[in-house]
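Okay, structure first, notes after.
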Amino acid sequence: MKIQLIAAAVSFSLASCASINNDANNGSGTSRVNNANVQVFAKEVSAKPAANISNGDKVITLEKIMADPDWFGRAPESWYWGDDSNTIYYKQKREGNPLRDLYRQTLSNGDAKNPAAQAVTLAELHRVSDRFAQLSQDGSKEVYAFDGNIFVKDLSSGQITQLTKSSANESNPQFLTTNSKTTAVAYRIGNTFYRHDLASNLVTEIASLKASGEPKGVSKPKSYLAKEQHQLIDYVALQQRNKELRYERNQALKAENTTIANHHFYFGDDVKIVHASLSPAGDKIVVSVTKDTPLRAKTDIMPNYVTSSGDIDPVKVRRRVADNRKYSEKLYLVDLHDGSKTELSYESLPGFDQDVLAEVRKENHARKGERYQSEKQARNIHVMQTWTPIQWHNNGKQVALLLEAWDNKDRWLTTIDFEQKTLVNQHRLHDDAWINYTFNEFGWFNGSERLYYLSEESGYSQLYQKPLNGKAQQLTQGKFEVSDLTLTRDDSKVVFKANKKHPGIYEIYQVNTENGELTALTDLGGMNDYQLSPDESKLLVEHSTVTMPPELYVKNLQSTEPSTRVTYTVSDEFLAMPWSAPNVVAIPSSHQSEPIYSKVYLPKNFDASDKKNRAVMFSHGAGYLQNSHLGWSGYFREYMFHSMLVQQGYVVIDMDYRASKGYGRDWRTAIYRHMGEPEVQDMLDGVNWLVENANVDAKRIGTYGGSYGGFLTLMALFKEPEVFQSGSALRLVSDWAYYNHGYTSNILNTPEDDAIAYERSSPIYFAEGLNKPLLINAPMIDDNVFFQDTVRLVQRLIELEKQDFETAIYPVEPHGFVQPSSWLNEYRRIYKLFEETL
C-alpha cells in the first residue's frame, strides 16, 4: 500500500519537528508503511517550512540557489560565553568578502529578550579573545593567547595583564600550581617551555626539547691526514686545544651558575617532536617523537593551470594510501627535577604485538597461491590524532594519554606509573573493523583521580567513568550517540549532546555521575550544539532545522521556560521562498534489521492516479556523515536544488546509507573491506520504496552525489546498470588506492595487506558496466580527491569504447567549490542531464 505523506507545501506544526509519529494514523495526515513483503513500520519526522508566508507564486531558480550564500544570511560562527555568563560573543562573515567580525551581545535584564549586538573593535579584541582560556585551579583567573602573546585576566575585577609582547609565537598557555596555589604561567615558543612567575615577573626556561642528538663536545681528528696535521702543525693543534678549553669552560659555567638556563633534552637526529605536554606542577613533560621522514615524494604534486603568474604551479599534495608509509611514535617521560628522560615502552599495552590482520593477510596470500604465517610482532603505535590526547589531572600527579595503533584496530586509554616509569592500561577498545576517528573524548574528574571517556564498545558511543584501580561504570545506555562532553565543576554531572529521541534529532542532556539519572536540558528538535555558561546556569545553543539555518538560543537551566532565540541573521528573502520541507522516513532494509533513515521530498499531488513521478536520489559525501537529520545541512545548495526539483514535480530522496554517521558502530563499519556494496544495496531499497510508496516510475529515476557520493554514483551505474537512467558523479573517487592513508586504511586496510578490498571497492574495476548517461564534474585543483581519479577513469572509459559519458572540468576549483559561477555551471549540467533523461 502507498504511504500517505504530506505534500511539501503544507505547513507543519512546530511540535512535529521534535517528535516521532508512532501511530498507524495519528490524525496529522501521515501514516505508516505497511508493506506486505517487508513487515517493518517506517517512522517519519516532519520538518517545518521556513516561514508561513504566501509564497506559492515564487519560482526557485538555479541562479538564486547557486549565488553567493550571503544572500540568505550569515549565521553566527565561533560563538562562546563571556566571563559574566550574561554576555555572548560570536563571529559573523562580512557580506561580500571572507573577513569575519566579532560581535558582543549582552542579554537584557539577565534574560535573552531582544539583545542588541555590537561589533568588537580591533583595538579591544585581545580583551575578549578568551574562548579557549584555561582557568586557574581556584577559578579566579584565566590565561589565554591572542595573536601569539599571553594574557592573564582577573575574573573578579576584569583586569587584564599582558605577559608577553613579542614577534615570537607564544602558545599553549597554562597555569602552574604549587601546593594548590597558582604561582606562575607556562607557555611554549616552538619546542621550548617557559615559566613566567606571577609575583616576580621572572621568565625562566623550563625545558628546551631538541630534535637532534646530544652534543659530544669538540670533535677529535679522525682521518689519517687530520691526525697527521694536528701532530705536525703546532698552529692547528693550538686551535684544537683552544676549542676544547672554551667548551670545558662553558660546560662548567652552566653546571655551577644557577642563573643560566641549562635544561636541554635531546631526542636524537632525524626525528621531529609531535606532542609535548607539561604537567600543571611544572615538574614533568610527556613527549612523543617520530622519524622526520618526508611527508611526500617528488611526484606528489597537483598542477594548477590558472595562476597569477601565468605559469603552471606544481602544488605539493599528500601521499596516497598505496605508498604504505608506516607510522609510529616513541613516547618519553621527561622529569624536570632530576633531568632524566625515559622512553616509555608499549609492551604493557594488551595486544601491543597482536597480528590483528592475520585473517586478512591469509585471504590475500591465498589468492596469490601463497601461505601466510602469522607471527607476533610489536605494532606501530602512536598518540591518537584527536583534541588534547594528553591530559593531566589538575593536581599534576596523574596524566592520561589516548594511544592508537597504526593499523586502526585498537585504542588505549592509559596512565603513567611515575615511580616505575611505565604505561598503565586503563581501557582498551578493540574493533575488528576500525576505531572511529570521533567519539574519543576523555578527561579527569576534578575532585578525584577518576577518568571519564566515550567508547563504542556497546555498539554506540556511550559515556563511562573509571577509577584508576577499579572497574569502569557505564553512565549512559541506549541506541543513541553521545558526544561533546562537559563536566560540571563539582563533578556531579556531565552535560552532553545526543540523538536519544530520534536518530536525526540532537538535544542537550545531562547525566548524574552518581546514579546515572538522565535529564533532557533542551527540547528544540532539529540539530543543537551547546556551550555551558561559566556559572553553569545557562546553555548557549546553536539551533537549526531542515529549513532554517543556524541561529543562537539561550536556555536558562534554572527556569522551566523554553529556550529563547537571541540572533536573527537569516534574510527575509530566504524566509519568503517556497522551500520544500522533507519527511525523514525509516525505509525498511532488505539486508538487515535496522531501517535506512532518508529524507523524502514530495511534490504537490505526488499520488495522483493519472501519472507516475520522476525521481532523483542524492548520495551525501564523506561516507561517515549524517544528512537525514532534522537540522540545517552542510549541503544547503543541494537542499535548495531539491526544493527546486520538487517545485517542478520531481520526487527526491536523500539516504543515510550504511556507513553514515549517527546510527552506531555496526552501521558505520558495515562497509569494512567492501565499500560500495552495502551502500548500493541500500540505494536499491530506496528505489524500491519510491516505486511502491511515492508513485515513482521505476524507469525515470536518476542519481547524483559528490566525493563519496560521486563514488556511489559510479558504483551504482557500473554495478546496477538498469536501476538508474542517468547519474552525475562530482569530484569522484574512482580508485581508493589513490586516496589518502588516514581515511582509506581505516576501511580497506592498505593495498599491501588487502588488495582484495581495494579492487572490489574501486569503481575503475567495474567501468565496463556503464550503459546509461554519466556526467562527470571534476575540479582540477582538488587536493582531497585528486583530478587524477577523473583522468584515469575517463581513459578507462575511452579504452572500453563507452560513448554515453561527458566530463566537465573546473580549472580553479578545489574539492569544495568556491566560485558561484562554477556552482551554477555544475548544477545547470546536472539539471539538464535529469531533464533530458528522466
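The values are calculated or read from the model by the stated rules, or taken from the named source; none is laboratory data. Computed from a predicted model, the values in this text were never measured in an experiment. We place every Cβ from the backbone using ideal geometry, glycine too, and count neighbours over all the protein chains shown. Only protein heavy atoms, including side chains, enter the accessible area calculation; ligands, DNA and RNA are left aside. Shrake-Rupley method; radii C 1.70, N 1.55, O 1.52, S 1.80 Å.
By how many nm would the segment from Ser212 to Gln391 grow when fully extended, if each residue of separation counts as 0.36 nm and the alpha-carbon distance is taken off?
On the way: separation 179, 0.36 × 179 = 64.44 nm, distance 2.63 nm.
Contour length minus Cα-Cα distance gives 61.8 nm.
What number results when the radius of gyration of the range 287-366, computed over Cα atoms, is divided by 2.2 N^0.38 Å?
Numbers: Rg = 21.0 Å, N = 80, 2.2 N^0.38 = 11.6 Å.
Dividing the Cα radius of gyration by 2.2 N^0.38 Å gives 1.80.
Taking the range 743-838, which GluC sites (Glu not before Pro) meet the DSSP loop condition and have no more than 12 other C-beta atoms within 10 Å? Walk me through the intermediate numbers first.
Values: sites: Glu752, Glu759, Glu768, Glu799, Glu801, Glu806, Glu826, Glu835, Glu836; in loops: Glu752, Glu801.
For GluC sites (Glu not before Pro) across the range 743-838 that sit outside H, G, I, E and B with at most 12 neighbouring Cβ atoms in 10 Å, the list reads Glu801.
Dipole size in debye (nearest 20) for the chain around its Cα centre, Lys and Arg Cβ +1, Asp and Glu Cβ -1?
800
Mind running the shape call on the range 709-786? Use the C-alpha gyration tensor, a ≥ b ≥ c as the square roots of the eigenvalues: rounded below 1.5 for a/c, prolate if a/b tops b/c, oblate otherwise. Could you put the intermediate results ahead of the total?
Working: a/c = 2.77, a/b = 1.40, b/c = 1.98.
Oblate, since a/c reaches 1.5 and b/c is not below a/b.
Remind me, relative contact order of the range 543-693 in percent, using alpha carbon pairs under 8 angstrom and six or more residues apart?
On the way: 227 pairs, mean separation 35.2, N = 151.
Normalised by residue count, the contact order of the range 543-693 is 23 percent.
Is the range 397-519 best put as rounded, prolate or oblate by its Cα gyration tensor, with a ≥ b ≥ c the root eigenvalues, rounded for a/c under 1.5, and otherwise prolate when a/b is larger than b/c, oblate when not?
oblate
Placing +1 at every Lys and Arg Cβ and -1 at every Asp and Glu Cβ, with all other atoms neutral, what dipole size does the range 732-838 have around its Cα centre, in debye to the nearest 20?
Values: 8 positive and 17 negative charges, 69 e Å.
With only Lys, Arg, Asp and Glu charged at Cβ, the dipole is about 340 debye.
To the nearest Å, what is the center-to-center distance of the range 378-427 and the range 632-675, using C-alpha atoms only?
Between the Cα centres of the range 378-427 and the range 632-675 lies a distance of 36 Å.
Students often get this wrong, so check it: of Lys165/Lys421; Lys479/Lys699; Lys341/Lys362; Lys91/Lys153; Lys216/Lys291, which have C-alpha atoms separated by over 31 Å? Write down the numbers at each step before the final one.
Values: Lys165/Lys421 38 Å; Lys479/Lys699 37 Å; Lys341/Lys362 41 Å; Lys91/Lys153 22 Å; Lys216/Lys291 22 Å.
Among Lys165/Lys421; Lys479/Lys699; Lys341/Lys362; Lys91/Lys153; Lys216/Lys291, the Cα-Cα distance tops 31 Å for Lys165/Lys421; Lys479/Lys699; Lys341/Lys362.
For the range 799-818 and the range 191-222, write down the distance between their C-alpha centroids in whole Å.
54
Across the range 619-628, in residue order, what do the Karplus-derived ³J(HN,Hα) couplings come to in whole Hz, using 6.51 cos²θ - 1.76 cosθ + 1.60 with θ = phi - 60° and x for Gly and Pro?
Karplus-based 3J(HN,Hα) across the range 619-628 equals 10, 5, x, 6, x, 7, 8, 10, 10, 8 Hz.
What percent does the relative contact order of the chain come to when contacts are Cα pairs within less than 8 Å and at least six residues apart?
Working: 1819 pairs, mean separation 95.8, N = 838.
Relative contact order, the chain: 11 percent.
Would you mind working out the accessible area per residue for the chain, using a 1.4 Å probe, and quoting it in Å²? Write out the running numbers ahead of the final one.
Working: 37640 Å² over 838 residues.
Averaged over the residues of the chain, the accessible area is 45 Å².
Can you pull the one-decimal nm distance between simple spin-label points at Arg760 and Phe132, each 7 Å off the Cα toward Cβ?
4.3
What label, among (1) 30.1, 110; (2) 32.5, 99; (3) 28.7, 87, belongs to Rg and Dmax of the Cα atoms in Å computed from the structure on display?
Computed from these coordinates, Rg and Dmax of the Cα atoms in Å corresponds to label (1).
For the charge dipole of the chain, defined by +1 on Lys and Arg C-beta atoms and -1 on Asp and Glu C-beta atoms about the Cα centroid, which residue among Val616, Gln647, Ile160 has the Cα displaced farthest towards the positive pole?
Ile160
Would you mind checking the radius of gyration and Dmax of the range 580-693 based on alpha-carbon positions, in Å?
When restricted to the Cα atoms of the range 580-693, Rg and Dmax are 14.1, 45 Å.
Given an 8 Å cut-off on Cα distances and at least 6 residues of separation, report the relative contact order of the range 447-578 as a percent. Intermediate results must be reported in sequence, preceding the final value.
On the way: 260 pairs, mean separation 15.6, N = 132.
Relative contact order comes out at 12 percent.
Putting +1 on Lys and Arg Cβ atoms and -1 on Asp and Glu Cβ atoms, find which of Gly268, Gly351, Trp406 reaches farthest to the positive end of the dipole of the chain.
Gly268
So which of Lys500/Lys604; Lys368/Lys719; Lys500/Lys555 end up more than 27 Å apart, counting from Cα to Cα? Display every interim value, and only then the final one.
Values: Lys500/Lys604 32 Å; Lys368/Lys719 25 Å; Lys500/Lys555 19 Å.
Checking Cα-Cα distances, Lys500/Lys604 exceed 27 Å.
May I ask for the distance between the Cα centers of the range 503-548 and the range 258-325, given as a whole number of Å?
38
Roughly how many nanometres apart are two label points built 7 Å out from the Cα toward the Cβ at Arg792 and Asn605?
Distance between label points: 5.0 nm.
Residue by residue through the range 164-177, which ³J(HN,Hα) values in whole Hz follow from phi under the Karplus form 6.51 cos²θ - 1.76 cosθ + 1.60 (θ = phi - 60°), with glycine and proline marked x?
9, 8, 8, 8, 6, 9, 7, 8, 6, x, 7, 7, 10, 10
Which whole-percent values make up P(r) of the range 202-340 when all C-alpha to C-alpha distances are grouped in 5 Å steps starting at zero?
Computed distribution, short to long bins: 2, 7, 11, 11, 11, 10, 10, 10, 10, 9, 6, 3, 0.
I'd like the carbon and sulfur percentage of the solvent accessible area for the range 124-230, probe radius 1.4 Å, heavy atoms only, ligands and nucleic acids excluded. If you can, show how the numbers build up before the last one.
On the way: 2910 of 6150 Å².
Here carbon and sulfur together make up 47 percent of the probe-accessible area.
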